[in-house]
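The values are calculated or read from the model by the stated rules, or taken from the named source; none is laboratory data. Since we're looking at a predicted model, the values are computed, not measured. Every residue, glycine as well, gets a Cβ built from its backbone with ideal geometry; the counts of neighbours run over all protein chains shown.
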Amino acid sequence: MDRSFYEFWGRYFLALGRGGQPFEDVAAWMRQGFRGYEEISEAVRKAYGVDRGEDPDAAADLWKKTCDSFLASFREYMAVFQVVPREDLEKLERENRELREQIARLEETALRQQALLADKGLDPSAMIDGFQELMLKQTDEFQKLMESAGRYFDEKKSRRSP
C-alpha cells in the first residue's frame, strides 16, 4: 500500500470525525468509477499530489493511474481483514455454478451411456464377469492340455526306455 493511500484515509477519518461525509459515500464513489462525489475526488487528488493541470489528456491519464493505485491499495488493505471483493466472490460463484452444471451434464451422459449399454446387453459389470469366467475356463482347458501333453510325453519316454 502506498503512503498516499494512508494520507487520504487519515484526512478522511479526521473529516469524518468532524461530521464529514459518511463511509457509504466513499463506497458509492468507488462503485461509480471514482466519480460523483467531488469532495472525495479532491481529497484523493490532494493525498496523491495530483494537480488538475492544463493538459486534459495528461490529467485524465494521471487520474486513471491514481485511481488504479488507490483501488489496488484498497484491495490490499481489505485483504488484511480477509475481505473479498464482490466481483471476486461473484466470479467464484459463477465458476462454481458452471462446474456444477458441467458435473450434472457429465453424470447425465454417463447414465445415458450405461442405459444404452444395458439395452444392447452390454452391461459392463456383466461383461467383466463373463470375461473372468472365460479366462478361468481357458486356464482350466490349458491346464488339462498341459497335463495331457505331459502324460503323452511320459508314455512315449517310458516306451523308449529299456
Which listed residue, of Ser125, Ser148, is at pLDDT below 80 and either in contact with a Gly (Cβ under 7 Å, 6 or more places away or on another chain) or part of a helix (DSSP H, G or I) (or both): Ser125
Lone unmet requirement of (1) out of contact with any helix residue (DSSP H, G or I) (no Cβ under 7 Å at 6 or more places or on another chain); (2) in contact (Cβ under 8 Å) with a residue 60 or more places away in the chain for Leu136: (2)
Under 7 Å between Cβ atoms, at least 6 apart or on separate chains: pull out the pairs that start in region 84-98 with a residue that is within 15 Å of Arg31 (Cα to Cα) and end on any residue that is charged (D, E, K, R) and surrounded by 10 or more Cβ atoms within 10 Å (Cβ to Cβ). Pro85/Arg75
Out of all the residues in region 35-90, which are assigned to a helix (DSSP H, G or I), charged (D, E, K, R), within 24 Å of Pro22 (Cβ to Cβ) and modelled with pLDDT under 75? Glu38, Glu39
Check on Leu92, farther than 19 Å from Met1 by Cβ and either outside the structural domain of Ala15 (by TED's automatic domain parsing) or in contact with a Ser or Thr (Cβ under 6 Å, 6 or more places away or on another chain) (or both): yes
